[in-house]
Amino acid sequence: MIKLLTIHDKLEWTSYVQKAAEYDFYHTWHYHALETGQGIPLLFVYQEHDDYIAFPLLKRPIPGSDLYDLGSVYGYTGPFSNKKMDELGNTLKENFKHAFQDFLIDGKYVSVFTRMHPFFKQQLLLEKFGGIYENGRTVVIDLSESIEEQRNKYKQSTMDAIKHAWNKGFKVKEERGPDAIALFVKIYLENMNRVGASPYYFFNQEYFNKILNTPEYDARLITAYDGDIAICSTIIMFTNGIIQAHLIGTLNEYLHHSPAKFMADEISILGRSLGMRYYNLGGGLGFKEDALFKWKLGFTEHCLDYKSWRYIANPAIYQELLDKKDIDKNADIDFFPLYRYA
């Protein structure tokens, strides 16, 4: 059986997520309902009796044509199932493959892009199609260790910044309500302006109000203070044993104090109290091993491979779209699909 759910099918979408053996907040109906114009959220479901494979995606029209492609929301998504990916039977995986390929043909989809979840073995399903791409690594703190063991792995500069915060008397508070959100937005937008972020990352206050208020996952707003001054603020998600560092900002005038390091250490303590198993700090910008990645390595050298799925469903049309833009498909450009480049 095949189903194609939209954002209007809240109860059914939510039911599939809740029955999943592995999922993160990125898979939820609520998170997809927040999508800000990158595409139309869909949940493709292939089901045999009680077993199913579900795949959240974003439907996007290809300008100047009657064709489409599929992308994914910001963050780690990919398929999920009522079984872990390494427990799926080969027959179910093969049948899913054929059903999904038929869906792509019938819907005039040229390509599919999704960011895969580093904790789930989604490659065991998607490798049947081809198109798995090694993007880099993401830095993960293992919360099964004691806080003492964790801190022993910090680089000296990271531990020094945390001790500096202790000596300065910085405090961390978990906050709720419109005033706290407005304060976060102020710090976050200052941060985005400083780094020259793309327009996509300039979310409005309504977005933050909604992302923090849902029963589908545990979202928390945590702010670091120097006395009465809010100096660093972050939105953190706690889902099925995994903490995701979602969005963060630091006041420009406090950057030299590195309060984000102090905050990460404090969040790891909170995570243990909530029974979390991992704290995913993420990777570098564009998952390159850049200064941001090295900053995160200051906490631990434990990394997971991060992959994306870049599948060309219709190679002939894909090539035609590249030709229209005079783009060489073998160009050394880390972007997919290439016909949307520039």
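Evaluated against (1) modelled with pLDDT of 95 or more; (2) farther than 24 Å from D66 by Cβ; (3) not acidic (D, E), K288 falls short on exactly one condition, (1). Has region 64-85 got any residue that is out of contact with any Ser or Thr (no Cβ under 7 Å at 6 or more places or on another chain), assigned to a strand (DSSP E or B) and of a type in the set (D, E, K, R)? No, because not a single residue in region 64-85 is out of contact with any Ser or Thr (no Cβ under 7 Å at 6 or more places or on another chain), assigned to a strand (DSSP E or B) and of a type in the set (D, E, K, R). Scanning region 25-46 for residues that are part of a strand (DSSP E or B) and touching a Lys or Arg at 6+ places or on another chain (Cβ under 7 Å) turns up I40, L42, V45. The listed residues are I2, I53, I40, and the only one of them that is touching a residue at least 60 places away in the same chain (Cβ under 8 Å), surrounded by fewer than 20 Cβ atoms within 10 Å (Cβ to Cβ) and among the β-branched types (V, I, T) turns out to be I2. If you go through region 162-179 and keep only what is surrounded by 19 or more Cβ atoms within 10 Å (Cβ to Cβ), under 27 Å from the mean Cα position of the chain (by Cα) and either among the basic types (K, R) or part of a helix (DSSP H, G or I) (or both), you end up with just I162. Scan region 331-342 for residues that are part of a loop (DSSP other than H, G, I, E, B) and either free of Cβ contacts under 8 Å to residues at least 60 places away in the same chain or over 23 Å from S198 (Cα atoms) (or both) and the total you get is 7. Considering only residues in region 14-23 that are touching a His at 6+ places or on another chain (Cβ under 9 Å) and assigned to a loop (DSSP other than H, G, I, E, B), the one that is surrounded by the most Cβ atoms within 10 Å (Cβ to Cβ) turns out to be Y23. Checked against the criterion of being more than 16 Å from the chain's Cα centre (by Cα), among the charged types (D, E, K, R) and more than 22 Å from L70 (Cβ to Cβ), region 122-134 contains not a single residue that satisfies it. Flag not set for L11, criterion: aliphatic (A, V, I, L, M) and assigned to a strand (DSSP E or B). Can you tell me which residues in region 72-91 are in contact with a strand residue (DSSP E or B) (Cβ under 8 Å, 6 or more places away or on another chain) and crowded, with 20+ Cβ neighbours inside 10 Å? Matches in region 72-91: S72, V73, Y76, T77, G78, P79, F80, S81, L88. Filtered by the rule that a residue be surrounded by 17 or more Cβ atoms within 10 Å (Cβ to Cβ) and not in a loop (DSSP other than H, G, I, E, B), region 193-224 gives F208, I211, A219, R220, L221, I222, T223, A224. Taking the conditions (1) buried (at least 17 other Cβ atoms within 10 Å of the Cβ); (2) within 21 Å of N240 (Cβ to Cβ) in turn, D305 satisfies each one other than (1).
The criterion of at least 1 residues that are assigned by TED's automatic domain parsing to the domain that holds K155 and closer than 27 Å to K173 by Cα is met by the following helices (runs of 4 or more DSSP H) wholly inside region 227-330: 259-273. Of all residue pairs spaced 6 or more apart or on separate chains, those with beta-carbon atoms under 6 Å, a first member in region 306-320 that is modelled with pLDDT of 95 or more and a second member that is assigned to a helix (DSSP H, G or I) are W309/L126; I312/Y318; A313/L104.
Table: residues versus (1) over 16 Å from N240 (Cβ atoms); (2) in contact with a helix residue (DSSP H, G or I) (Cβ under 9 Å, 6 or more places away or on another chain).
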site	(1), (2)
E22	no, yes
T28	no, yes
F55	yes, yes
D66	yes, no
D69	yes, yes
Y74	yes, yes
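For region 171-211, a residue qualifies if it is under 24 Å from D228 (Cβ atoms), aromatic (F, W, Y) and in contact with a helix residue (DSSP H, G or I) (Cβ under 6 Å, 6 or more places away or on another chain), and exactly one does: F208.
The values are calculated or read from the model by the stated rules, or taken from the named source; none is laboratory data. Computed from a predicted structure; not experimentally measured. As a convention, Cβ positions derive from the backbone with ideal geometry for all residues, glycine included, and neighbour counts pool all protein chains shown.
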